[in-house]
Amino acid sequence: MGARAGQMRIDTAILSTAFRYFAAVVQAGSIRAASRELNIASSAINRQVLMLEQALGLALFERTGRAMLPTEAGQLLLAACRETLHNYDDVLATVDALKGLSVRLRMRVCKSAAL
């Protein structure tokens, strides 16, 4: 994913955090409420949301007093975030299931005599 002119590029690890925080703010209705639910400083959540908005180049929330309502773009991003986070959880569950499996590899070496 390339950055558009004048926009910053987001590292994937930071992006997953930003997605989680963004989804939490939508669900909770405010940064403060999301902060309490996630047990994360509200300033950290706010920074991630602002960084995401800056990187995308559009507002994801309508800010009304302390409440935050997702814009149309925010609603689209929320659907994508939920799907991505769900898929990520599925992958982690699959990897956890694989941890119990052990794989043995046997190698046989054949010596051949040259005639």
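The values are calculated or read from the model by the stated rules, or taken from the named source; none is laboratory data. Everything numeric here is computed off the predicted structure, so don't read it as measured data. Quick reminder, even Gly has a Cβ in these numbers, built from the backbone with ideal geometry, and neighbours come from all protein chains shown.
Being modelled with pLDDT under 90 and surrounded by 17 or more Cβ atoms within 10 Å (Cβ to Cβ) is a condition met by no residue of the stretch 92-106.
Restricting attention to the stretch 57-85, report how many residues are without any contact (Cβ under 8 Å) to a residue 40 or more places away in the chain and outside any strand (DSSP E or B). Qualifying residue count for the region: 13. The condition (being of a type in the set (A, V, I, L, M, F, W, C), part of a loop (DSSP other than H, G, I, E, B) and closer than 16 Å to Ala18 by Cα) is satisfied by just one residue among Ile40, Ile45: Ile40.
For Ser43, indicate whether it is more than 15 Å from the chain's Cα centre (by Cα), modelled with pLDDT under 85 and polar (S, T, N, Q). No: the conditions fail for Ser43.
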